[in-house]
1. Which one is farthest from ALA9 (Cα to Cα) among residues in region 25-57 that are in contact (Cβ under 8 Å) with a residue 24 or more places away in the chain and of a type in the set (A, V, I, L, M)?
Amino acid sequence: EAYAHQPGAPIECPVRVFGGEEDREFTLKQHEAWSELSKQFLGVRMMKAGHFFLHDRRSLLLEWISDDLAPHIR
């Protein structure tokens with residue numbers, strides 16, 4: 001609630017954004033704005049859930065994170 005973005009150069013590491021389609025606090029457009037913060041933006045993945053998808057859809061979230069990381073694990 002108290003976070004205030006400080007403009008700066010985009011970071012070098014990849015960034016993936018996750019969100020809930022039924023979230024009343026954040027829109028898809030707000031999620032997509034994260035693309036400005038990374039030179040390697042991987043996109044937004046939205047799931048059928050609300051703001052607290054981390055609790056409600058934990059299995060799906062972990063599956064998606066695993067999918068993103070799998071190509072980079074030896």
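1. This residue is ALA49.
Here is a yes/no grid of residues against (1) open to solvent by 60 Å² or more (accessible area, probe 1.4 Å); (2) at pLDDT below 90:
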site	(1), (2)
GLU1	yes, yes
PRO7	yes, yes
PRO10	no, no
GLY19	no, no
ARG24	yes, no
GLN30	yes, no
LEU42	yes, no
SER59	yes, no
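The values are calculated or read from the model by the stated rules, or taken from the named source; none is laboratory data. Being a predicted model, the structure only gives us computed values, none of them experimental. Every residue, glycine as well, gets a Cβ built from its backbone with ideal geometry; the counts of neighbours run over all protein chains shown. Accessible surface is based on the protein model in full, side chains and every heavy atom, while ligands, DNA and RNA are left aside. Shrake-Rupley method; radii C 1.70, N 1.55, O 1.52, S 1.80 Å.
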